[in-house]
Amino acid sequence: MKLLTINTHSLLEENYEEKCNIFVEAIAKIKPDVIAMQEVNQRVDSEIASSPEVFGFKGEMKIPVKSDNHALKISKMLEKCGEHYFFCWEGIKCGYGKYDEGIAIFSRKPIEMAESYYLTTCKEYDNFKTRKALAISSCDKVFVSVHTGWYEDEEEPFSIQLGALNKALKPYLDKEVYLMGDFNVPSHREDGGYPEILKSGWYDTYNMALDKDGGYTVEGKIDGWLYESERKRIDYIFVNKEIDVKSSRVIFNDHNEKRISDHNGILVEI
């Protein structure tokens, strides 16, 4: 099983169309079973998609899929390449005053369940600190796309968000559950959120991988990390059980596929 997570930074990237093509070509070649995406955007003022083709989502979305939704675009591009994925998208908040910012999950196998959970105490669409997770069930496993806030945030501390996530996923812990995404907590900080994740029962697939590289997903200053230029791991794939992990590789970093975002992706093979 191949799992991929990437903060896409969609619609904000220069040469956006070119980077979409790079991404789709790589997916068609690598064929991940599940893809988790964060910062999956659409313009606030775009028209609602006439045929959103959002497969598997249970219940109504508060924010409708629009014609320029990044997940919808990628889904259609993959379909043209003969790569069929089921996908779900969930809008979270307004980004940069002009985007519906959301998260998405793509699955090669049918999606049996889809749920979203607020991780923050604030739930206002206009509050940039609002955070959610999106979970799907497929083939008796649960996959969750996660984009949390910063550890030291006084209003919405990471610890509260992690607690909300763990509580929401408690009913599924008898299955294999994979947390995939941008956690905004560097792995090298002993007093940060990364140790809290491990202490709460999650295993980092990077640590269990037989074959791995440096794992760095951010290599310089980006939004949210403008005062830190050091390389860091803040994007992860966690699992709730000890499993055999063949490899963990950084992808879309100009070495393993061309760069498409201000984050590198993580590709794990199990």
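The values are calculated or read from the model by the stated rules, or taken from the named source; none is laboratory data. Since the structure is predicted, the reported quantities are computational estimates derived from the model, not experimental observations. All Cβ positions, even for glycine, are placed from backbone atoms using ideal geometry, and neighbour counts span all protein chains on display. The area values use the complete protein model at the heavy-atom level, side chains included, leaving out ligands, DNA and RNA. Shrake-Rupley method; radii C 1.70, N 1.55, O 1.52, S 1.80 Å.
Here Ile35 meets the list (1) modelled with pLDDT of 90 or more; (2) touching an Asp or Glu at 6+ places or on another chain (Cβ under 6 Å) almost entirely, failing just condition (2). Counting the residues of region 1-32 that are of a type in the set (A, V, I, L, M), outside any helix (DSSP H, G or I) and at pLDDT 95 or above gives 4. Please enumerate the residues belonging to region 233-255 that are within 19 Å of the chain's Cα centre (by Cα), at negative phi and in a loop (DSSP other than H, G, I, E, B). Result: Arg233, Ile234, Asn240, Asn253.
Residue-by-condition table, conditions (1) without any contact (Cβ under 8 Å) to a residue 12 or more places away in the chain; (2) surrounded by 17 or more Cβ atoms within 10 Å (Cβ to Cβ); (3) under 23 Å from Ala26 (Cβ atoms):
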| residue | (1), (2), (3) |
| --- | --- |
| Lys167 | yes, no, no |
| Val185 | no, yes, no |
| Pro195 | yes, no, no |
| Ser200 | no, no, no |
| Tyr206 | no, yes, yes |
| Val218 | no, yes, yes |
| Ser248 | no, yes, yes |
| Asn253 | no, yes, yes |
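Screening the candidates Ala104, Ala26 for the property of being among the small types (Gly, Ala, Ser) and either open to solvent by 30 Å² or more (accessible area, probe 1.4 Å) or over 19 Å from Phe128 (Cα atoms) (or both) yields one hit, Ala26. Spot the failing condition for Val44; the list is (1) open to solvent by 40 Å² or more (accessible area, probe 1.4 Å); (2) touching a Cys at 6+ places or on another chain (Cβ under 6 Å), and only one is missed. Here Val44 meets the rest and fails (2). Listed by position, the strands (runs of 3 or more DSSP E) enclosed by region 44-156 that each have at least 3 residues that are without any contact (Cβ under 8 Å) to a residue 60 or more places away in the chain are 86-95, 113-118, 132-138. Under the condition of being buried (at least 22 other Cβ atoms within 10 Å of the Cβ) and farther than 17 Å from Asp182 by Cα, the residues counted in region 112-135 number 1. Restricting the first member to region 255-270 and to residues that are touching a residue at least 12 places away in the same chain (Cβ under 8 Å), and the second to residues that are in a loop (DSSP other than H, G, I, E, B) and among the hydroxyl-bearing types (Ser, Thr, Tyr), the beta-carbon pairs closer than 6 Å and six or more apart or on different chains are Ser261/Thr8; His263/Thr217; Asn264/Thr217.
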